[in-house]
1. Considering only region 127-169, how many residues are out of contact with any helix residue (DSSP H, G or I) (no Cβ under 6 Å at 6 or more places or on another chain) and acidic (Asp, Glu)?
2. Can you tell me which residues in region 171-189 are closer than 16 Å to residue 201 by Cα, open to solvent by 50 Å² or more (accessible area, probe 1.4 Å) and touching a residue at least 24 places away in the same chain (Cβ under 8 Å)?
3. Working carefully through the options 16, 45, 95, find the one that is on the phi > 0 side of the Ramachandran plot, at pLDDT 95 or above, over 15 Å from the mean Cα position of the chain (by Cα) and not hydroxyl-bearing (Ser, Thr, Tyr).
4. Tell me yes or no: at least one residue of region 115-130 is open to solvent by less than 50 Å² (accessible area, probe 1.4 Å), modelled with pLDDT of 95 or more, closer than 30 Å to residue 161 by Cα and not aliphatic (A, V, I, L, M).
5. Every residue in region 131-152 that is open to solvent by less than 10 Å² (accessible area, probe 1.4 Å) and not hydrophobic (A, V, I, L, M, F, W, C), please.
6. Tell me the residue from 116, 147, 157, 105 that is free of Cβ contacts under 8 Å to residues at least 40 places away in the same chain, among the aliphatic types (A, V, I, L, M) and in contact with a Lys or Arg (Cβ under 9 Å, 6 or more places away or on another chain), please.
7. In region 147-203, how many are over 27 Å from residue 88 (Cα atoms), touching a strand residue (DSSP E or B) at 6+ places or on another chain (Cβ under 8 Å) and part of a helix (DSSP H, G or I)?
8. Is it true that residue 200 is small (Gly, Ala, Ser) and at pLDDT 95 or above?
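The values are calculated or read from the model by the stated rules, or taken from the named source; none is laboratory data. This is a predicted model, so every value here is computed, not measured. Cβ placement follows ideal geometry from the backbone for every residue including glycine, while neighbour counts extend to all protein chains displayed. Side chains included, ligands, DNA and RNA excluded: accessible areas come from the protein's heavy atoms. Shrake-Rupley method; radii C 1.70, N 1.55, O 1.52, S 1.80 Å.
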Amino acid sequence: MSTPAPAVVEAVARAGFHSVTLDAQHGFVDFAGVVDGVAAAALAGRPALVRLPLGGFALGARALDVGAAGVIAPMIDDADLARTFVDAVKFPPVGRRSWGPIRALGLLGLERDDYLDRANRLTLALAMIETGRALENVDEIAQVEGLDGLLIGPNDLSVALTQGATVDPAHPTVVAALDRVLAAARRAGKPAAIFANTPSFASDYVRRGFAMISLGPDVAFLASGAERALSDVFDAPATGAGSGG
C-alpha cells in the first residue's frame, strides 16, 4: 500500500488478502499514515505490516507501538545491520525496544505485562535481501536471533546483480538467488517472503515455497481496474439499448 488513505487500505484489506503492507520506503506513507492505515486494516479484520524507510528503524518501533503486526527493513546487507534492526524492534532480552505501545494494547486487547510477554512473538521483523552483499551474507543474516524472516526484493536484486543493467525480476541471476535465500531461511527455521510484480510471478513463488508474497502495489491495482473497466465498455457488444431515442 503506497497510498495512505484509510478507505483505500480498508478496501484492499477486505478484498481477501491475509494482510496489507504500508510502504513508507517508496510510497507516500508517513507516521500519520501508519497510524491510520493500521487502524483501517484492523477495521477490516486484517493485520498491517510496515515497510520502513532506508535506515528508519526508529519508525519501526513507533509502528509497532500503534499496532502494526510487523516491520520490514530494506537493504539489510549483513548480520550486524540485522542485529541493529532487531535491537530497535524487539524488547529485552532479544533487543532494546523502548516501552510505549500506546495503541497496540487497545487493538490487541492485551494488558501491559501480557503484551510485554508476547510482543516479541506477536510482531514480525523481516529483513529485505536485495543486494549482492546481502546474498553473500544471507546465512548469517537469517541466523540473527530475533529476526523472524527474510523478504526478497527482486527488483532491487536484479539491479544489483546485473550491475545496474536492468530491472528484471525474471533475470537468471535473480531466479538462482531465490533458491539460495529459501535454503538459508529453511536452515534457520524461518520463513522466506518475496515481493511479486505480477500474479504470474506470485504463482511461481507459491510453487517455490515462499511463505508470504506481497502482491501489488495498490496503484497498479487501481490502474489495472480502470483500464479493464474502459476496455469492457468499448469492447462490449451493442445491445440496442436506447435505440428508440
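1. Of the residues in that region, 4 qualify.
2. Once the filter is applied, which keeps residues that are closer than 16 Å to residue 201 by Cα, open to solvent by 50 Å² or more (accessible area, probe 1.4 Å) and touching a residue at least 24 places away in the same chain (Cβ under 8 Å), region 171-189 yields only 179.
3. 45
4. Yes, region 115-130 has at least one match.
5. 149
6. After applying the criteria, what remains is 105.
7. Result for region 147-203: 4.
8. Spelling it out, it is not the case that residue 200 is small (Gly, Ala, Ser) and at pLDDT 95 or above.
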